[in-house]
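The values are calculated or read from the model by the stated rules, or taken from the named source; none is laboratory data. Nothing here was measured: the structure is a model prediction, and the numbers come from that model. Neighbour counts are summed over all protein chains in view; Cβ atoms, including those assigned to glycine, are modelled from backbone coordinates with ideal geometry. Surface accessibility is based on the protein's heavy atoms, side chains included, excluding ligands, DNA and RNA. Shrake-Rupley method; radii C 1.70, N 1.55, O 1.52, S 1.80 Å.
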Amino acid sequence: MSSQRPDPPYRRIVTELRARILTGDLRPGDRMPSIRQIAQRWGVAVATATKVMAILRDDGLVETTVGSGTVVSASTRHKLPVSLTGTPQPRPSAVPKRVLNTKQVLRTAITIADREGLDALSMRRLAAELGVGPMSLYRHVATKDELVAQMVDEAFGETELPIPGPEGWRAKLELISRRQWQLCRRHLWLPRAVSFTRPLLMPNLTAHTEWTLRALDGLGLPMTTCIREALTLHGLVVTVALSLADEIEAEQETGMTLDRWRIAEQKRAGELLESGRFPLLATVPEETISDLDGLFEYGLACHLDGFATLLAARSS
């Protein structure tokens, strides 16, 4: 009896998709199955499907393009057999050595994550983008986790926080919340990279927390309340930003915008809402639900109204 273990599911899926690409069944520019489609077709978890795409991306076989999702990379033309390309392919020349600094590494990593998502980022992928060997990166970051932590700090360093800032605690909290919201809109991967239970003690990120605590200083609140307020406020930003990131990710994976999705779902939704079972929900304008900027501003205003009530109760 053979004791050889079968390949794990992700390897079998990678092998099948790689073969389809290298035999020309999937040609450069063709759309790849989305992560959700891979999970459904092969009956695997989303995490496994994500790993499959990451490996194919690291191998240079697929790439993510805005509006088209993940497609077969144009560079695969150089990997196809002669019978498919019509001409023999030259061997790639050696990659010239580059002298990097940590800033270059972080900004390139952020660009990849902005364009393709955090799951697409790996040390090999980053090295390929920079035109260096993967080992060169370890002079700047020891692991991918450390890379992501420094990317978070680099991103938070893009936002300037005025000292002392506007007059009054409410104006200050509005300012930092809106700047963090814009930051999350600019870097859709950012909300998933920040932890509340295992906070990153990095200079720029910590400066945001300290700035918020200074906005609350002098209100007569215990430090426990102040830090909870700082975390709750940031949590409000992150929660809405995650919904925004999910929507952009869905558009990239499916190639379908929110407006097109609504049209596709219009009949089913219409039948449900016109049944008379949900009369109040049927009156809600569609654009209200998808207006994430409006949802953020509404949540911020309601939260700060509640915090003002807490302060008034403590002073009475």
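Structure notes:
- Among (1) surrounded by 13 or more Cβ atoms within 10 Å (Cβ to Cβ); (2) in a loop (DSSP other than H, G, I, E, B), the one test that His234 misses: (2)
- Just one residue in the set Val141, Val105 is modelled with pLDDT of 90 or more and either over 24 Å from Ile55 (Cβ atoms) or under 23 Å from the mean Cα position of the chain (by Cα) (or both); that residue is Val105.
- Scan the stretch 150-166 for residues that are open to solvent by 20 Å² or more (accessible area, probe 1.4 Å) and under 17 Å from Thr111 (Cβ atoms) and the total you get is 4.
- Subset tally (residues that are within 26 Å of Tyr298 (Cα to Cα) and either surrounded by 15 or more Cβ atoms within 10 Å (Cβ to Cβ) or touching a residue at least 60 places away in the same chain (Cβ under 8 Å) (or both)) for the stretch 186-201: 9
- Looking across the stretch 39-54 at every residue that is farther than 13 Å from Leu17 by Cβ and open to solvent by 80 Å² or more (accessible area, probe 1.4 Å), the one that is nearest to the chain's Cα centre (by Cα) is identified as Val46.
- Taking every residue in the stretch 202-222 that is in contact (Cβ under 8 Å) with a residue 40 or more places away in the chain and closer than 16 Å to Gln180 by Cβ and pairing it with any residue that is outside any helix (DSSP H, G or I) and open to solvent by less than 50 Å² (accessible area, probe 1.4 Å), at least 6 positions away or on another chain, the pairs with Cβ-Cβ distances below 6 Å are Asn204/Gly157; Trp211/Leu161.
- For the stretch 18-34, the set of residues classified as open to solvent by less than 30 Å² (accessible area, probe 1.4 Å) and in contact (Cβ under 8 Å) with a residue 60 or more places away in the chain consists of Gly24, Ser34, listed by residue number.
- Exactly one residue out of Leu183, Leu147 is of a type outside the set (Ser, Thr, Tyr), open to solvent by less than 50 Å² (accessible area, probe 1.4 Å) and touching an Asp or Glu at 6+ places or on another chain (Cβ under 8 Å): that is Leu183.
- Taken over the stretch 184-198, residues that are at pLDDT below 85 and within 8 Å of the chain's Cα centre (by Cα) amount to 0.
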